[in-house]
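The values are calculated or read from the model by the stated rules, or taken from the named source; none is laboratory data. What you see is a predicted model; the values in this text were computed from it and never measured. Cβ placement follows ideal geometry from the backbone for every residue including glycine, while neighbour counts extend to all protein chains displayed. Remember, those area values only see protein heavy atoms, side chains included, never the ligands or the DNA or RNA. Shrake-Rupley method; radii C 1.70, N 1.55, O 1.52, S 1.80 Å.
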Amino acid sequence: MAKHLVLVGGGHAHMVTLSKIHELVAAGHQVTVVQPSDHHYYSGMGPGMLGGTYTPDDIRFATRHVVEKQGGQFVRDKVTRIDPDARTVFTQSGQTLTYDVLSFNAGSYVPTTIVAVEDQDIFLVKPIERLLEAKQRFLEMVSQKKVDVGIVGGGPSAAEISGNLLQLVRENGGHVPSITIYSGRRLMARFPEPVRGRVERDLKRRGVRIVANDYVETIKSGHIHMRSGQTHVADFVFLALGVVPSPIFEASGLPTGPDGGLRVNRFLQSTTYPNLFGGGDCIYFEDRPLDKVGVYAVRENPVLYHNLKAALEGKELQPFDPGGDYLLIFNLGERTGVLHKRWLTFGGRPAFIAKDFIDRRFMKAFQSIE
Ligand SMILES: Cc1cc2nc3c(=O)[nH]c(=O)nc-3n(C[C@H](O)[C@H](O)[C@H](O)COP(=O)(O)OP(=O)(O)OC[C@H]3O[C@@H](n4cnc5c(N)ncnc54)[C@H](O)[C@@H]3O)c2cc1C
């Protein structure tokens, strides 16, 4: 019997399902995708778009077009919550949809609790499409004066954003800004020392200041106030703090993990509602909590598609194996990077070339569906 599949978000874990909508439609099912933007942006290339290496077209996937051309329905809206017992989805604009099977790939967001509401010139590393606004505003500011940039966060996105802001000003002209990363305990603290040290040395050599062993408490009226009592000036702020899963699950009363992500079993299936699935940053994989990296979202694709189809057709589900080590490559701007896998670490231009090749190949594979 024909069923209705609803995809909440067309993120990295839904790429294969999005490319197979025609098969589901041919089998008689109805497929609806709800997403706040007509495009989905590939985050791995986001800092490169900020720095000017890539155009928005290089790094985005035309979700609406791909869905509609295969006979699916696209709803441009944001899901706020679901009622799992009534199998109903509620959206920000007040629409409701009912479903038989639903899959979440709504990603994560940067919490902004440390920011005073009236402050301007504060940008977030996500959603990736907003990096374009940051780029325009940054170029406008550096054309007028030497800007104090504060990047709050100690992970790879803080490092990537700082290096790509330097590229942006070097390639477009303007006053070279003073960039400070407020890294909390230590920049890239959770990474092996060869990677961590290399990233830190590279950024320092290029003039980036790193404030460690102190935490940002509030950002207000162009000032960053630290837990230690120190205050720093910042005309332009990037929040690159650790992301947290979409708030949909808590709002829906669904079982979540400690981080607020949808709690799923090894079939990427809700531990309580067998017709709910999910992938990417918004899930809590209870067998083995996963890092919030696109790599896992990409690996989940085939299993998620298989299981959604199986749930529609009453067939057997497949377990997801997260796999072992993954390749890390950071784009540090000015066409340099740092690459790490197991015992191998190297930096400079070769690392950037490797990342650029892998990222462009990934985009091409999915853009070809368009
Ligand atoms: C600057 C930066 C660089 C990164 N670089 C890398 C990298 O090089 N390699 C790597 O592996 N990881 C990288 N990451 C991590 C990576 O971004 C995430 O792990 C990845 O984006 C997770 O994919 P996702 O599909 O779960 O979420 P997302 O990419 O966030 O996609 C979620 C989708 O859901 C939609 N959506 C959001 N809310 C709703 C809603 N309420 N209703 C409906 N739709 C919604 C969004 O519009 C979006 O299209 C980076 C992260 C950042 C911030």
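Distance from the C-alpha centroid of the range 183-233 to that of the range 258-277: 35 Å, rounded to the whole angstrom. Over 23 Å apart at the Cα level, from the set K126/K309; K69/K309; K78/K292; K309/K364; K126/K220, are K126/K309; K309/K364. Rolled with a 1.4 Å probe across the full set of protein chains, the surface gives H22 an accessible area near 90 Å². Measuring nothing but how far apart in sequence close Cα pairs (under 8 Å, 6+ apart) lie, relative to its length, the range 22-93 scores a relative contact order of 35 percent. With all protein chains in place and ligands, DNA and RNA left out, the 1.4 Å accessible area ranks I179, I358 as I358, I179, largest first. The 3J(HN,Hα) values that the Karplus relation (6.51, -1.76, 1.60; θ = phi - 60°) gives for the range 105-112 are, in residue order, 9, 9, x, 9, 9, 8, x, 10 Hz. Gly and Pro appear as x. With +1 on each Lys and Arg Cβ and -1 on each Asp and Glu Cβ, and nothing else charged, work out how big the dipole of the chain is about its Cα centre, in Debye to the nearest 20. Around 1000 debye, computed over the chain. The fraction of all Cα pairs in the chain landing in successive 10 Å bins from 0 to the largest distance is 5, 23, 31, 24, 13, 3, 0, given as whole percents. Taking other residues whose beta carbon is less than 9 angstrom from the beta carbon of Y326, and scoring Lys, Arg as +1 and Asp, Glu as -1, yields 0. Of all lysines in the structure, the ones whose alpha carbon falls short of 18 Å from that of K145, not counting any fewer than 8 places away in one chain, are K135.
Note on L139 and S178: with the Förster distance fixed at 22 Å, the Cβ-Cβ geometry gives a FRET efficiency of about 0.85. How far, in degrees from 0 to 90, does helix 156-172 lean away from the longest principal axis of the Cα atoms of the chain, to the nearest 10? Taking Cα atoms only, the helix is inclined about 60 degrees.
Modelled spin labels at Q95 and R349, positioned 7 Å past Cα toward Cβ, are 4.9 nm from each other. Phi angles across the range 136-153 convert, under the Karplus curve 6.51 cos²θ - 1.76 cosθ + 1.60 with θ = phi - 60°, into 3J(HN,Hα) values of 4, 5, 5, 5, 5, 5, 6, 6, 9, 7, 7, 9, 8, 9, x, 10, 9, x Hz, Gly and Pro given as x.
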